Protein chains: 2
Amino acid sequence: MSTIKDIAKHAGVSVATVSYVLNNNRYVSPEKKERVLAAIRELNYAPNAAARGLRAGESRTIGLIVSDISNPFYPDLAKACEDEAQKHGYAVHMINTNDQPERMRQAVAQAREGKIDGLIVTSALEADRELLQSLLARNFPLVLAHRRLEALGADLVESDNFEGGLMAARHMLRLGHRRIAFMSGVAGSPISELRAAGYRQAMEEAGIDVPPEWVLSGEARYAASYERMLGYADMAPGERPTAVINMSDIGAMGVLDAAADRGLRVPEDVAVMGFDDLFLAAFRSVRLTTVRIPRYELGRRATELLLDRLADAGREARHVVLPVELIVRGTCGGGRA
Amino acid sequence: MSTIKDIAKHAGVSVATVSYVLNNNRYVSPEKKERVLAAIRELNYAPNAAARGLRAGESRTIGLIVSDISNPFYPDLAKACEDEAQKHGYAVHMINTNDQPERMRQAVAQAREGKIDGLIVTSALEADRELLQSLLARNFPLVLAHRRLEALGADLVESDNFEGGLMAARHMLRLGHRRIAFMSGVAGSPISELRAAGYRQAMEEAGIDVPPEWVLSGEARYAASYERMLGYADMAPGERPTAVINMSDIGAMGVLDAAADRGLRVPEDVAVMGFDDLFLAAFRSVRLTTVRIPRYELGRRATELLLDRLADAGREARHVVLPVELIVRGTCGGGRA
DNA sequence: GTGAAAGCGCTAACAA
DNA sequence: TTGTTAGCGCTTTCAC
């Protein structure tokens, strides 16, 4: 690999001149400029990022922490992040935590080592609070996306989860359901608690008492949802919820599959709703009614917020809430009102 | 941010000593070691990655280029890559190209700048050949995964695509189909050509002539496949293929949906197969028969190969072919033989 | 055992 | 307009 010195020698100028040409920040006479450019081409030179980074004190890279990239929720968010970062000359360094605190620790280490200039965290666990707090205390640019952590004081982008829960439950109520279950996420997850709160409010408005077995927390994903639905399927037909709202589309697929495996028809025997509006929700064989979460927009805004903070570290924390949307397809039927 | 100098001063030792305890590569007396460690804790020190990288001439980061992270094929591969890299102390820098040559160019630039020590390319286009060649010429560690580029001379991990095409077509033949269509990928993609070649061989073995309209190339993904299936659906029942093999599960979903939209029953009117065995292929409402591509393993082996080359830049290029597997579900029926 | 100092490649302040 | 040089934070050789 050639260095700026090689270029300087080859072009018969000083390293400073080469640097000036490279960064285009000083006047350089056309002849010398041309010679430098030629040398760069000939020696196939590219400036060393580590040296630049060391000198500048920044890496022009932002970190993106996701809990599980195989979860179809994240790729769109990641893509948005990359698109947006790219526009501003930043690279994106994605880190999968698999929800292992150890991985989160590694990510934070990368931040402290200066490998990344800022961090978007989409999968903050309550357990990560301290770690993130320590970053924030050092004034490290950090934005929380999708998953909220109360009172952290970081920038935050989320969707309107309360409204989503409200919408979902009201939709079921409108269709005439009374025994409506809500499969929430892991206990303590603010996102699922907000959605559950929306659901509860809708139920209360309708004057319906919600017994505890209608709100089941657990992993939002397929397997756990499948199991929970099996539990409902085994209840007596007169007791069993006639409608199930799941925290995620993937979870809703588990519900659908469990219903299928127990011979329950959808939507006749049980109506099902999800959250997210993943690509798969639109398949003809699925046609899942769901609450759309603006994933791409979530990623875009988070990145915007981060880049903005990178430019102005001192500004106050911002909180962005994105609207959600009810997408009616087939798994709840048309109108049983 | 504190530096090694601060630690040295704080602990009353030289920077060299701090470095020794940091890297644990020289004997340091227990007392001094303890003092250094204490200073590190107190000042919350983390070594600067850029400085280390500059000094060492490596970033301990590997790059992973994917064409589209929203394509559910890639996340598993990426995860494998990350898991494997992590074990060896490497971070992974993922880059989405969206199949834009410009993005590939940026990725290569990052390689030349030393931001990454090696590169896994899962989405090499014929158009990228020159770019990758230039990297290889400079002896930059590079492995191709999943997508092959002939005669590049890079390490390569792929699945047995020819065998996959063979398996798929034979399965359809076994079920009694004669008019079997193969929806391949974009023209010139070796991966789809290999699969198509396997298909052709199976057809030839069965003594069936394949008219050109049975092998349609195009984008493998949903929309393009949907359109192509619409074309088949409009053919006379006696002419129309009774079986369609698509290059990808996502594409097969497009086929399935087009069939549904035209009132064609699956598998009675048309049998459908995909490639990949994505998570969604197993849903009860989908039950897609498919050829499983070992995505995680693809990523794992690619990373292994890369790390290996990082350790021994001179070794000869290796070529790994992973077996594929036929997964029989519902979209082809049980046996019409 | 430990420390001083050179140097990785680059930028920019200062000098000419 | 261009060049010389210090120094970013770290590792490691060489000297003691």
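Let me check I've understood the local charge: for B:Arg315, count other residues with C-beta under 15 angstrom from its C-beta, Lys and Arg +1, Asp and Glu -1. What total comes out? The partial results should precede the final answer.
Working: positive: B:Arg309, B:Arg318; negative: B:Asp155, B:Glu304, B:Asp308, B:Asp312, B:Glu316.
Cβ neighbours under 15 Å give a net charge of -3.
Alpha carbons only, please: Rg and Dmax for the range A:1-63, in angstrom.
Every Cα atom of the range A:1-63 included, Rg and Dmax give 12.4, 41 Å.
Hey, what's the Kirkwood Rh for the range B:60-152 if you take every pair of different alpha carbons, in angstrom? Working shown, then result.
Numbers: mean 1/r = 0.0762 Å⁻¹.
One over the average 1/r among Cα pairs gives 13.1 Å for the range B:60-152.
Please list the three semi-axes, largest first and in whole Å, of the ellipsoid equivalent to the range B:191-337, using sqrt of 5 times the eigenvalues of its alpha carbon gyration tensor.
Details: eigenvalues 219, 61, 40 Å².
Ellipsoid semi-axes (Å, largest first): 33, 18, 14.
Return the Rg/Rh value of the range A:30-99, two decimal places, where both radii are evaluated on C-alpha atoms and Rh is the Kirkwood radius. Present the calculation step by step, with values, prior to reporting the outcome.
Details: Rg = 17.9 Å, Rh = 14.9 Å.
When Rh is taken as the Kirkwood radius, the ratio is 1.20.
Enter the Cα centre distance for the pair the range B:18-92 and the range B:256-335, rounded to the nearest angstrom.
Using only Cα atoms, the two centres lie 34 Å from each other.
Using C-alpha positions alone, give me the convex hull volume of the range A:128-247 per residue in cubic angstrom. It would help to have the intermediate numbers written out before the result.
Details: hull volume 13.0 nm³, N = 120.
It comes to 108 Å³ per residue, whole-number rounded.
Would you mind computing, in nm to one decimal, how far apart the modelled labels at A:Arg138 and B:Tyr27 are, each placed 7 Å from Cα along Cα→Cβ?
Roughly 3.4 nm, to one decimal.
Would you mind listing the distances between the A:Arg262 label point and the same position in each other copy? Use 7 Å along Cα-to-C-beta, nm, one decimal, shortest first.
Listed shortest first, these distances are 3.9 nm.
Under a 10 Å cutoff between Cα atoms, tell me which one of A:Gly274, A:Gly185, A:Gly153 has the largest fluctuation in the Gaussian network model of chain A.
A:Gly153
To the nearest µm²/s, what D does Stokes-Einstein give for the range A:56-95 at 10 °C and 1.306 mPa s, using the Kirkwood radius over alpha carbon pairs as Rh? Let's see the in-between values first.
Details: Rh = 10.6 Å.
The calculation lands on 149 µm²/s.
Over 20 Å between C-alpha atoms is what I'm after, so list which of B:Lys5/B:Lys115; A:Lys9/A:Lys33; A:Lys115/B:Lys115; A:Lys115/B:Lys9 land there. Provide the component values of the computation, followed by the final result.
Details: B:Lys5/B:Lys115 26 Å; A:Lys9/A:Lys33 14 Å; A:Lys115/B:Lys115 10 Å; A:Lys115/B:Lys9 25 Å.
Flagged as over cut-off: B:Lys5/B:Lys115; A:Lys115/B:Lys9.
Based on the Cα gyration tensor of the range A:1-145, what are the three equivalent ellipsoid semi-axes, each the root of five times an eigenvalue, rounded to whole Å and given largest first? Working shown, then result.
Values: eigenvalues 317, 49, 30 Å².
Sorted largest first and rounded, they come to 40, 16, 12 Å.
Just going by the charge dipole of the range B:227-278, with Lys and Arg at +1 and Asp and Glu at -1 on Cβ, which of B:Leu230, B:Met253, B:Leu278 is farthest out on the positive end?
So the residue furthest toward the plus end is B:Leu230.
Lys and Arg at +1, Asp and Glu at -1: add these up for the other residues within a Cβ distance under 15 Å of A:Glu34 and post the number. Before the final figure, lay out the partial values.
Details: positive: A:Lys32, A:Lys33, A:Arg35, A:Arg41; negative: A:Glu31, A:Glu42.
Taking every other residue near A:Glu34 into account, the sum is +2.
Between A:Ala260 and A:Ala127, take the C-beta separation as r, use R0 = 41 Å, and let me know the FRET efficiency to the nearest 0.05. Write out the running numbers ahead of the final one.
On the way: r = 36 Å, r/R0 = 0.87.
Using R0 = 41 Å, I get an efficiency of 0.70.
Rounded to the nearest Å, what's the spacing between the alpha carbon centres of the range B:155-182 and the range B:212-251? Just the number, please.
15
Between A:Leu149, A:Leu230, A:Leu306, which gets the highest mean-square fluctuation from a Gaussian network model of chain A, Cα cutoff 10 Å?
A:Leu230
May I ask for the percentage of alpha-carbon pairs in chain A that lie more than 30 Å from each other?
Tail of P(r) above 30 Å: 47 percent of Cα pairs.
With an 8 Å Cα cut-off and a minimum separation of 6 or more residues, compute the relative contact order for chain A in percent.
Working: 633 pairs, mean separation 55.7, N = 337.
Dividing the mean separation by the residue count of chain A yields 17 percent.
Rounded to the nearest 500, what is the 222 nm mean residue ellipticity of chain A from helices alone, with -39500 (n - 2.57) per DSSP H run of 4+ residues and division by all residues? Intermediate values should be presented prior to the final figure.
Details: 12 runs with 147 residues, N = 337.
Helix-only estimate at 222 nm: -13500 deg cm²/dmol.
Computed over the Cα atoms, what is the radius of gyration of the range A:205-269 divided by 2.2 N^0.38 Å, N being its residue count? It would help to have the intermediate numbers written out before the result.
On the way: Rg = 11.6 Å, N = 65, 2.2 N^0.38 = 10.7 Å.
Expressed relative to 2.2 N^0.38 Å, the Cα Rg reads 1.08.
List the lysines whose alpha-carbon lies under 18 Å from that of A:Lys79, not counting same-chain residues fewer than 8 positions away?
Once the sequence-local lysines are set aside, what remains near A:Lys79 is A:Lys87, B:Lys79.
Under 13 Å from the Cβ of A:Val210, count the other residues' Cβ atoms, weight Lys and Arg +1, Asp and Glu -1, and hand me the total. Could you put the intermediate results ahead of the total?
Working: positive: A:Arg178, A:Arg179, A:Arg200; negative: A:Glu204, A:Glu205, A:Asp209, A:Glu213.
So the environment of A:Val210 carries a net charge of -1.
Using the Cα atoms of the protein assembly as shown to build a convex hull, what is its mean projected area in square nanometres?
Values: hull surface 141.0 nm².
Averaged projected area of the protein assembly as shown's Cα convex hull equals 35.3 nm².
No lab work stands behind these numbers, since they all come straight from the coordinates. The model shown is predicted, which means the values in this text are computed figures rather than measured ones. Every residue, glycine as well, gets a Cβ built from its backbone with ideal geometry; the counts of neighbours run over all protein chains shown.
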